[in-house]
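The values are calculated or read from the model by the stated rules, or taken from the named source; none is laboratory data. On a predicted model such as this, the values are computed, not experimentally measured, just so you know. We place every Cβ from the backbone using ideal geometry, glycine too, and count neighbours over all the protein chains shown. The area values use the complete protein model at the heavy-atom level, side chains included, leaving out ligands, DNA and RNA. Shrake-Rupley method; radii C 1.70, N 1.55, O 1.52, S 1.80 Å.
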Amino acid sequence: MPLVTTKKMFEMAYKNGYAVGAFNVNNMEITQGIVEAIAQEKAPLILQISKGAREYAKNSYLKGIINVAVAENPSIPIAIHLDHGDTFETCKQFVDDGFTSVMVDGSHLPFEENIALTKKVVEYAHARGVVVEAELGQLGGIEEHVVGVDDVSKHLTDPAQAVEFVKKTGCDSLAVACGTSHGAYKFKTEPTIAFDIIEEISKKLPGFPLVMHGSSSVLPEFKALINKYGGKMPDAMGVPEDMITKASKMAVCKVNIDTDLRMALTAKIRQVFAEKPGEFDPRKYLGPGRDAIREMVRHKLHVLGCAGKAGECL
Ligand code: G3H
Ligand code: 13P
Ligand code: ZN
């Protein structure tokens, strides 16, 4: 089947208490690892591409790889999504390029400006059958193209504002700031997620799908492998997976994961280089890296509860 939007996926995820995994892709091996996992686990899938990913790999290459993945998996619903579109022009470009979902991230803007930007993107995207994710509240962490705030607890989403925002913009889903942040260093002390905010928003907006960014768990075994084989990530800490599962059973219908895939790939490549210092054939380290991505994604699909749910999302 052709690429789909996230509409049906979110409807089923909300109704049946799970979340769909949205995984970031930057190259062929990452995409293949993710797609092998969803084919094995029969899960719906959102492949997301950041502006940085597109600059790195070129849209034509990424779209080509994704088109093959879609053609080879006709019984799996796959959506292709722009992650963190920061301007109307960027969102327009991705809509025009055939993405089925775009995120307009106006979270850094004052409330009214965020509404105006989001509304403009919604009008353009909806007229072309594309769905829109927006963001209200601010996450922490720093990525190449996404700069967050230092103290996430001061920038959590206000539930009353969320209602006004959704009503005024007509967005299809909303990314909320509930204590998560991007990258591998999410907490300095005990991890905490503001489940009360998720709960309150879902009471005020029943049936409306929420999105959780910054949802990697920085699994201790992968951190240990990276550190063992010459890496240096001693203080890395993520969102514990039981918290991700809890949010997935609530109104959170889309969970964004990038860092955990990066760590799986990095750990495996470091291991190959450490154990075989003479290795110089990229297939001999990218291949195992791709397998590591597949196993990480398979595991995540069970954490999110979406394994086996591809059929009902078609
Ligand atoms: O939200 C951020 C994602 O991890 C993408 O990161 O902009 O470095 O591709 P990136
Ligand atoms: P992580 O850095 O926790 O994987 O979050 C990724 C993300 O939110 C992409 O939009
Ligand atoms: Zn994000």
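Conditions (1) more than 17 Å from the chain's Cα centre (by Cα); (2) crowded, with 16+ Cβ neighbours inside 10 Å; (3) away from ligand 1 (no atom under 16 Å from the Cβ), marked per residue:
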{"position": "Val211", "(1), (2), (3)": "no, yes, no"}
{"position": "Lys232", "(1), (2), (3)": "yes, no, yes"}
{"position": "Ser248", "(1), (2), (3)": "no, yes, yes"}
{"position": "Met263", "(1), (2), (3)": "no, yes, no"}
Margin query: Against the condition among the hydrophobic types (A, V, I, L, M, F, W, C) and within 16 Å of ligand 3 (Cβ to nearest atom), how does Ala194 come out, does it pass?
Written below: no
Next item on the list: Please give the number of the condition Ser215 fails out of (1) among the hydroxyl-bearing types (Ser, Thr, Tyr); (2) part of a loop (DSSP other than H, G, I, E, B); (3) over 20 Å from Thr6 (Cα atoms).
Entry: (3)
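Restricting attention to region 236-262, which residues are away from ligand 3 (no atom under 16 Å from the Cβ) and either more than 27 Å from Ser50 (Cα to Cα) or in a helix (DSSP H, G or I) (or both)?
Filtering region 236-262 down to residues away from ligand 3 (no atom under 16 Å from the Cβ) leaves 236-237, 240-243, 245-246, 248-251.
Within region 236-262, Glu241, Asp242, Met243, Thr245, Lys246, Ser248, Lys249 meet the criteria.
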Item checked: Selection within region 242-273 - of a type in the set (D, E, K, R) and within 12 Å of ligand 2 (Cβ to nearest atom) -> Lys254, Asp258, Asp260, Arg262
Notebook entry, point to check: What are the pairs, 6+ residues apart or on separate chains, where a residue within region 20-33 that is in contact (Cβ under 8 Å) with a residue 24 or more places away in the chain has its Cβ under 7 Å from a residue that is away from ligand 3 (no atom under 16 Å from the Cβ) and of a type in the set (Ser, Thr, Tyr)?
Noted result: Val25/Thr31; Asn26/Tyr56
Next item on the list: Can you work out which of the residues in region 1-26 that are hydrophobic (A, V, I, L, M, F, W, C) and in a helix (DSSP H, G or I) is surrounded by the fewest Cβ atoms within 10 Å (Cβ to Cβ)?
Entry: Met12
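Okay, residues lined up against (1) of a type outside the set (A, V, I, L, M); (2) touching a residue at least 60 places away in the same chain (Cβ under 8 Å); (3) touching a helix residue (DSSP H, G or I) at 6+ places or on another chain (Cβ under 7 Å):
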{"site": "Lys232", "(1), (2), (3)": "yes, no, no"}
{"site": "Met237", "(1), (2), (3)": "no, no, no"}
{"site": "Met243", "(1), (2), (3)": "no, no, no"}
{"site": "Ala251", "(1), (2), (3)": "no, yes, yes"}
{"site": "Asp260", "(1), (2), (3)": "yes, no, yes"}
{"site": "Pro282", "(1), (2), (3)": "yes, no, no"}
{"site": "Leu286", "(1), (2), (3)": "no, yes, yes"}
{"site": "Glu295", "(1), (2), (3)": "yes, yes, no"}
{"site": "Leu304", "(1), (2), (3)": "no, yes, yes"}
Check: Taking helices (runs of 4 or more DSSP H) that fall entirely within region 27-143, which contain at least 1 residues that are surrounded by fewer than 18 Cβ atoms within 10 Å (Cβ to Cβ), more than 16 Å from ligand 3 (Cβ to nearest atom) and among the polar types (S, T, N, Q)?
Finding: 28-41, 59-72, 88-96
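Going by what's in this entry, would Cys313 be described as open to solvent by less than 40 Å² (accessible area, probe 1.4 Å), closer than 22 Å to Ile80 by Cα, out of contact with any Lys or Arg (no Cβ under 7 Å at 6 or more places or on another chain) and away from ligand 1 (no atom under 16 Å from the Cβ)?
Values: open to solvent by less than 40 Å² (accessible area, probe 1.4 Å): yes; closer than 22 Å to Ile80 by Cα: yes; out of contact with any Lys or Arg (no Cβ under 7 Å at 6 or more places or on another chain): no; away from ligand 1 (no atom under 16 Å from the Cβ): yes.
Taking the combined requirement at face value, the residue does not satisfy it.
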Next item on the list: Could you tell me whether any residue of region 180-188 is modelled with pLDDT of 95 or more, open to solvent by less than 50 Å² (accessible area, probe 1.4 Å) and more than 16 Å from ligand 3 (Cβ to nearest atom)?
Entry: no
Item checked: Number of the exception - Ile38 against (1) more than 20 Å from Val95 (Cα to Cα); (2) of a type in the set (A, V, I, L, M, F, W, C); (3) more than 15 Å from ligand 2 (Cβ to nearest atom); (4) in contact with a Cys (Cβ under 8 Å, 6 or more places away or on another chain) -> (4)
Note to self: If Ala53 meets every condition in (1) among the aliphatic types (A, V, I, L, M); (2) over 20 Å from Glu295 (Cβ atoms); (3) in contact with a Ser or Thr (Cβ under 9 Å, 6 or more places away or on another chain) apart from one, which number is that one?
What the structure shows: (3)
